[in-house]
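Asker: Structure in structure tokens, see below.
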Amino acid sequence: MFFEEIRESISEAHQQTWAKLIWHIFKRFDSKQVNLVLTNSQDIPVLKAQFAPLLEPIELGSPRAEELIQSYLEEEKVLQKHRKWQEENKQQLLNPLPKERIIQLLDQFESGNIDSWWLLCQEMTLIPDSQYYDDVLLCKSDLTTLPGWKEAESSIKARIVEAAKVYIEKGNPETHKWLGTNTFYYSALAGYKAIRLIIEEDPEHISTIPAHIWQKWASLILDYPKEGDEKSQNIHQEILSIAYQNAQYEIINTLMLLIDQENQEHGCIFIHRAVEKCWDERLASAIFEKVQDKNLKHQSFGTLLEELIKHRFYKAKIFAESLISLPLTKDADERAKALAAAKALINYADDAGWLVVWSAIQQDLEFGREVIGSLSFLFSYQGTLEQRLKEEYIADLYIFLVKQYPSIETIIKDDSSSEELQGVKANVMTSEDDILRWRNYIPQRLKDRGTPKACEAIRRIISELPEQKDKLKRFLLEAEALTRRNTWIAPQPSIIIELARSSYCKQVQSLVNYGIIQNIKDSTVHGSVQAIQGDNSQ
């Protein structure tokens, strides 16, 4: 991947940056990495220069050779000290062994000590020569990936699963002590691990868990720390979806609390992603009420509004449109909300809220540039906005972009700290670059509609922007050809038969006049008719 970046980079300064990054992560004892560096250095001068100390021959007795020898001897001293330390501090096996610890804790749990469950979860992270609990393993929600599970016999695994079932019933998550504090109790986290273990090992049992148990663990399930692997994320969505079916009140209340917390601490919101599979009218109504909270910061407000419109909550669309009332206010807070509303509508409304948003853009060009600037990166590649607009609106958009953003294809950045090749401009990507790319894609997407209105829209663009004629005439010709293919209707057999039976050019000409046949000379048609009549008479 890094080698592709360095090849595609136009700027030498950028190439040097990538070369340095490759140098820092390079592992000289990895044969695959060595082969990649050797291969790519042959035709990438910057990379070859960066790796010159390793690629170029070194003369024995030279200062460079002496420097490398000294460096090797110093590294060897460090390694020898490390080996000596390892030998002196060689850890003996745990006593009792992890397997025995797990059995002891299972015995305690089955004797009524409920807290033994979360201690059991900790002991399952150990191996016989462990010196400490591994923080990474302690955070894993999937107990079946831990050493203690993998080494356990089938009978022990069965006992662990049964203990998990008991713990979610009798365990206490002590939610009031940690919710909203950015800290968790092991006793609470262990409850989630128990639920996940049941899903992994005895999924049929999940349907037998009563609602009050889900209500008890609901806050923990929603707020459980996110894990990086895709499987854990999918299972978390599944668990949360089941919890929501049984504990809507608890999930929604916790969600509102966490929204407030994230809004206050970060000025933005992430927790809404967790409830993606829980959306219904009740959840949407609660979030809609929250989006009207005056304490929400601008980014948090925009995020929630986008979610509501994305999930087609109609009241949110009406509310967003009401925020873009004309004339636009100069108040910074209200203007920021209007911008967030316009962005949400364009991103997710079926009609992009275009009539409302476009009116605001036309009246306030500064506001229009803010709106377009916040969207360009997405739309420059995807074209999702054009897919939802009528052809005439697409033409309006294109004309606006041409007039507001001049055709500057490259931006020269004055940077005295980097040396550039003579005549080569640094291609510094900005939001305007994305807007220009988006603008240049629009005629192609308009042409691909293949409709009469698309042709009309391109003609209007050429009429209003005559300097675009040479650039757009090809798109117009292709659009017209595509439109003819898309709108052509084959004549009915009865019409063809009528044509064949006709013996007079005048009658044939009437068919031409009606557009049934086109661009055919009278003599040719008459001759063809005689030929067909001759065939019919045989």
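The values are calculated or read from the model by the stated rules, or taken from the named source; none is laboratory data. Everything numeric in this text was worked out from a predicted model, so none of it was measured. Using ideal geometry, Cβ is built from the backbone for each residue, glycine included, and neighbour counts are taken over all protein chains shown. Each accessible area value is taken on the protein alone, full model and side chains, heavy atoms only, with ligands, DNA and RNA left out. Shrake-Rupley method; radii C 1.70, N 1.55, O 1.52, S 1.80 Å.
Asker: Return the residues of the stretch 195-212 that are open to solvent by 10 Å² or more (accessible area, probe 1.4 Å) and in a helix (DSSP H, G or I); say none if nothing qualifies.
Answerer: The answer is 199, 200, 201, 203, 204, 205, 206, 207, 208, 211, 212.
Asker: Related question: Given the conditions (1) closer than 27 Å to residue 265 by Cβ; (2) open to solvent by 40 Å² or more (accessible area, probe 1.4 Å); (3) within 27 Å of the chain's Cα centre (by Cα); (4) of a type in the set (S, T, N, Q), which single one is not true for residue 382?
Answerer: Failed condition: (1).
Asker: Sticking with this one: Of 340, 352, which residue is in a loop (DSSP other than H, G, I, E, B), touching a helix residue (DSSP H, G or I) at 6+ places or on another chain (Cβ under 8 Å), closer than 22 Å to residue 310 by Cβ and among the aliphatic types (A, V, I, L, M)?
Answerer: On inspection, the qualifying residue turns out to be 352.
Asker: Can you pull out every residue in the stretch 342-375 that is surrounded by fewer than 19 Cβ atoms within 10 Å (Cβ to Cβ), within 25 Å of the chain's Cα centre (by Cα) and over 18 Å from residue 314 (Cβ atoms)?
Answerer: 369, 370, 373, 374
Asker: Of the numbered conditions (1) under 22 Å from the mean Cα position of the chain (by Cα); (2) within 16 Å of residue 121 (Cβ to Cβ); (3) in a helix (DSSP H, G or I); (4) not β-branched (Val, Ile, Thr), residue 192 satisfies every one except a single condition; which is it?
Answerer: That leaves (1) as the condition not met.
Asker: Kindly list the number of the only condition in (1) open to solvent by less than 70 Å² (accessible area, probe 1.4 Å); (2) under 22 Å from residue 178 (Cβ atoms); (3) modelled with pLDDT of 95 or more that fails for residue 262.
Answerer: Answer for residue 262: the failing condition is (3).
Asker: Tell me yes or no: at least one residue of the stretch 430-453 is at pLDDT below 80, surrounded by fewer than 17 Cβ atoms within 10 Å (Cβ to Cβ) and of a type in the set (S, T, N, Q).
Answerer: Within the stretch 430-453, one or more residues are at pLDDT below 80, surrounded by fewer than 17 Cβ atoms within 10 Å (Cβ to Cβ) and of a type in the set (S, T, N, Q).
Asker: For the stretch 275-334, name all the residues that are open to solvent by 40 Å² or more (accessible area, probe 1.4 Å), among the acidic types (Asp, Glu) and part of a helix (DSSP H, G or I).
Answerer: Listed by number, the residues that qualify are 276, 281, 289, 321, 333, 334.
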